[in-house]
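Structure, as structure tokens:
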Amino acid sequence: MKRRKSVENTRKFIMIIIGAIIAAYGLEAVLIPNDVIDGGVTGISIMGAHLFGIPLGVLLFVLNIPFIWIGYKQVGKTFALMSSAGIAALSISTVLMHDVKTILGPNDPLLIVLSGGMLLGVGIGIVLRNGGALDGSEVLAVLLSRKIPFSVGDIILFINAFIFLGASFIFGLESALYSALTYYIAKNVIDIIQVGLEKSKDVRVVSAKSEEIGDAIQARLGRGVTYTKGRGGFSNEPTDILNCVINRMEENKLVSIIKDIDEGAFVVISDVSEVRGGNFKKRDIH
């Protein structure tokens with residue numbers, strides 16, 4: 001058991017290093033040479049490096065130290081260690097790649113935003129998926145959300161709004177707007193890396209033909225179903241509620257199956273961030 005855990009931690013550590021290197025390449029080869037920045041501590045570090053001539057890697061590491069400590073206190077030792085490894089790898093990589101050849105020039109603003117955002121998103125997403133972090137602003141946002149009536153996302157957006165405003169004075173309004181767009185692209189890529197392309201959906205069906213619908217789902221989709229007892233608040237009649245978890249590519253087929261059997265069925269479909277355990281693995285359809 002200990003050996004398996006050690007192997008898993010080593011795998012995560014290696015993936016975090018790889019993610020940090022990818023993010024550093026996105027910064028040094030695409031974004032920074034074209035005066036486009038990221039949000040959070042990374043954005044502040046880029047502006048500081050530009051204004052004061054301090055190496056970016058040094059600022060990244062120093063400015064993130066307080067947040068690593070906060071992460072240690074609020075989240076745990078493993079998170080702090082993984083984040084320290086990621087931030088150290090990002091800092092060292094930006095120093096080593098400082099003179100790397102820029103792959104895109106200023107005449108390709110759309111390509112700069114797309115490629116830079118994707119590289120950042122892939123790198124940060126890999127790190128987050130493996131239990132670490134590359135930017136302390138998210139740790140700060142989690143801590144502040146416990147003290148003030150705003151969500152983590154709202155706080156990060158608020159922090160980055162000031163960072164991009166500052167960037168408009170240093171690099172110009174156009175660069176600040178490109179930076180905000182880059183951040184938006186990176187954020188969406190991070191979500192894809194963390195959740196996966198086959199994002200899961202939770203489906204609940206209330207119908208007088210729930211069992212027939214459940215049999216069809218198992219036969220035609222290869223997904224397991226669960227029934228729970230319910231009672232209509234208006235009709236006061238007992239009914240079976242069918243529950244099923246699918247991926248988003250199966251949604252249209254599922255809706256079609258339900259309509260074929262009961263067009264009047266009450267169907268609720270909602271996003272699921274993660275599925276673990278149970279019997280979610282798809283069975284072969286014969």
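Which order do peptides 123-130, 256-263, 12-19, 82-89 fall in by mean Cβ count within 10 Å, highest first? Spell out each step's value before the answer.
Details: 123-130: 24.6, 256-263: 14.1, 12-19: 19.9, 82-89: 23.1.
Going by the mean number of other Cβ atoms within 10 Å, highest first, we get 123-130, 82-89, 12-19, 256-263.
What is the sum of charges, Lys and Arg at +1 and Asp and Glu at -1, for the other residues whose Cβ falls under 9 Å from the Cβ of N243? Provide the component values of the computation, followed by the final result.
Numbers: positive: R204; negative: D202.
Neighbourhood net charge equals 0.
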Query - Helix-only mean residue ellipticity at 222 nm for the chain, each DSSP H run of n ≥ 4 adding -39500 (n - 2.57), per residue, nearest 500 - result: -20000 deg cm²/dmol
Report summary line: Using a 1.4 Å probe on heavy atoms of the protein chains only, the accessible area for I103 in Å², nearest 10, reads 90 Å²
Query raised in the report: How far is it, in nm, from the label point at I148 to the one at V275 when both lie 7 Å from their Cα along the line to the Cβ?
Result: 3.8 nm
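What does the charge count near A23 come to, summing +1 for each Lys or Arg and -1 for each Asp or Glu among other residues with Cβ under 12 Å from its Cβ? Don't skip to the answer; put the middle values down first.
Details: positive: none; negative: E28, D38, D135.
Summing Lys/Arg as +1 and Asp/Glu as -1 gives -3.
If Rh is defined by the Kirkwood formula over all Cα pairs and Rg also comes from Cα, what ratio Rg/Rh do you get for the range 139-258?
Values: Rg = 22.8 Å, Rh = 18.6 Å.
That ratio equals 1.23.
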Query raised in the report: Where Lys and Arg each count +1 and Asp and Glu each count -1, what net charge lies around S210 among other residues with Cβ under 15 Å from its Cβ?
Result: -2
Query raised in the report: Treating the beta-carbon of each Lys and Arg as +1 and of each Asp and Glu as -1, no other charges, what is the dipole magnitude of the range 195-239 about its Cα centre, to the nearest 20 debye?
Result: 140 debye
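Just list whichever of K229/K259; K101/K199; K77/K199; K12/K199 have alpha carbons separated by over 26 Å in the model shown.
Working: K229/K259 22 Å; K101/K199 37 Å; K77/K199 30 Å; K12/K199 22 Å.
With Cα atoms farther than 26 Å apart: K101/K199; K77/K199.
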Query raised in the report: Taking the Cα centre of the chain as the origin and placing charges on Cβ (Lys, Arg +1; Asp, Glu -1), which of N9, S207, Q218 is farthest toward the positive end of the dipole?
Result: N9
Report summary line: Mean projected area (nm²) from the convex hull of Cα positions in the chain is 20.5 nm²
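The values are calculated or read from the model by the stated rules, or taken from the named source; none is laboratory data. Nothing here was measured: the structure is a model prediction, and the numbers come from that model. Cβ coordinates were reconstructed from backbone atoms using ideal geometry, including for glycine residues, and neighbour counts include every protein chain displayed. Heads up: the accessible areas ignore ligands, DNA and RNA and are worked out on the full protein's heavy atoms, side chains in. Shrake-Rupley method; radii C 1.70, N 1.55, O 1.52, S 1.80 Å.
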